[in-house]
Amino acid sequence: MEQLVSDPYAQHPGQPDPNWPQPQQAPTSPYAPQAPGSPYAQPTQAGFPAYGTQGQQPYSAQPGYFPGGQPPAKSNKGLIIGLLVGILVLLLLLCGGGVAWYLSADKDEPTTPTTQNSAPAATAAPPTSGSGQQNNNNAITAKYSSDFADVCDGGAILNAADYNAGSANKAFAFSNRPDRPTSWSHRFLDSTAKYYAKIADFTTVSVVACVSYVEGSETVGQKCDIKASDGKKLTVDYVSSRYTLTFYAAKTGQKIGDGGTVNAPATRCPSFMTYNKDTLKSYASPDEGTIDAAVEKLLGR
């Protein structure tokens, strides 16, 4: 009788072959549903199924689905407000463009000149004086008394008084200097004489007396020791010279008489003098007595 000897290495039916790789068991999530009786099973509340059990309906992410019912109805309020704002902005732009166009059109619109059948204005006659008609192209309208000095340079004063020989005339006198031959300064006349005129009353003046330096006539008269404004002591040459006096009608610029020669004596140093800082020269002024005497001879006292 043959004995059956069991092979210790034989594979029993239903057992896995140890030489083949064994299937791996998927890891168990602590949140996965546990079988009943499992120590990891989560407790449930009364009336509610456990999470992950068959009692829970699966969640489906369907478009337009809102848990618990239908989605809320959309409001058209924002759309309506946006349309109203857009219409308002459009109206403002249209209005602004219309105003700008209107202003531009008004500015660029050509104007048609109107013709009036009126008579041409009469041309004013040039001013006249006792010495003749005014035709001096250098004539000006004086604003100040100093403007009358232009007469000594060949000018005339349009708003001066007319000169009439033998009647009352007012006069101004001006003189230049050797170092400033084109600069004319007021020479004050006798304030008691009838020919005297105040500076403010320049429009009453009809005669200008021009006292002009004679070139080359200067002579050193005195050496004067002075104290300058900065305290420095200087010696200045006080220079004498000669002038000629000529009378002109202020309004026309025409010559009306000669006043002769006027000396500028430098016999003694004055208490106050002006001098040239470069040449250290000071020029004596024309004698006022000689000027007044010549004006009185022409115009009367």
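Take the residues in segment 142-158 that are in a loop (DSSP other than H, G, I, E, B) and in contact (Cβ under 8 Å) with a residue 60 or more places away in the chain; name whichever of them is surrounded by the fewest Cβ atoms within 10 Å (Cβ to Cβ).
The residue in question is G154.
Determine whether D292 is within 20 Å of F174 (Cβ to Cβ), buried (at least 17 other Cβ atoms within 10 Å of the Cβ) and among the acidic types (D, E).
yes
Mind listing whichever residues of segment 160-178 are part of a loop (DSSP other than H, G, I, E, B) and either buried (at least 16 other Cβ atoms within 10 Å of the Cβ) or touching a Cys at 6+ places or on another chain (Cβ under 8 Å) (or both)?
Answer for segment 160-178, where residues must be part of a loop (DSSP other than H, G, I, E, B) and either buried (at least 16 other Cβ atoms within 10 Å of the Cβ) or touching a Cys at 6+ places or on another chain (Cβ under 8 Å) (or both): A160, A161, D162, Y163, N169, P178.
From D108, D147, which residue is more than 30 Å from Y238 (Cβ to Cβ), of a type outside the set (G, A, S), modelled with pLDDT under 55 and under 35 Å from the mean Cα position of the chain (by Cα)? Outline the logic, then answer.
Numbers: D147 fails: modelled with pLDDT under 55.
Sole residue among the options that is more than 30 Å from Y238 (Cβ to Cβ), of a type outside the set (G, A, S), modelled with pLDDT under 55 and under 35 Å from the mean Cα position of the chain (by Cα): D108.
Name the residues in segment 246-281 that are touching a Cys at 6+ places or on another chain (Cβ under 7 Å) and either surrounded by 22 or more Cβ atoms within 10 Å (Cβ to Cβ) or under 30 Å from K194 (Cβ atoms) (or both), would you?
T246, Y248
All but one of (1) modelled with pLDDT under 95; (2) assigned to a strand (DSSP E or B); (3) small (G, A, S) hold for A209; which doesn't?
Of everything listed in (1) modelled with pLDDT under 95; (2) assigned to a strand (DSSP E or B); (3) small (G, A, S), A209 misses just condition (1).
Just one of the numbered conditions (1) over 30 Å from A165 (Cα atoms); (2) in a strand (DSSP E or B) is not true of S229; which one?
(2)
Go through (1) in contact (Cβ under 8 Å) with a residue 12 or more places away in the chain; (2) at positive phi one by one and return the number of the condition G231 breaks.
Unmet for G231, out of (1) in contact (Cβ under 8 Å) with a residue 12 or more places away in the chain; (2) at positive phi: (1).
Go through (1) within 17 Å of A161 (Cα to Cα); (2) surrounded by fewer than 16 Cβ atoms within 10 Å (Cβ to Cβ) and name the single condition V205 misses.
(2)
State whether the residues of segment 213-236 include one that is crowded, with 16+ Cβ neighbours inside 10 Å and of a type in the set (V, I, T).
Yes; the residues of segment 213-236 include at least one that is crowded, with 16+ Cβ neighbours inside 10 Å and of a type in the set (V, I, T).
Got at least one residue in segment 177-194 being modelled with pLDDT of 95 or more, touching an Asp or Glu at 6+ places or on another chain (Cβ under 6 Å) and among the acidic types (D, E)?
So far as segment 177-194 goes, yes, one or more of its residues are modelled with pLDDT of 95 or more, touching an Asp or Glu at 6+ places or on another chain (Cβ under 6 Å) and among the acidic types (D, E).
The values are calculated or read from the model by the stated rules, or taken from the named source; none is laboratory data. Computed from a prediction, not measured in an experiment: that's the story for all the values here. Ideal geometry is used to build each Cβ from the backbone, glycine not excepted, and the neighbour counts take in all protein chains shown.
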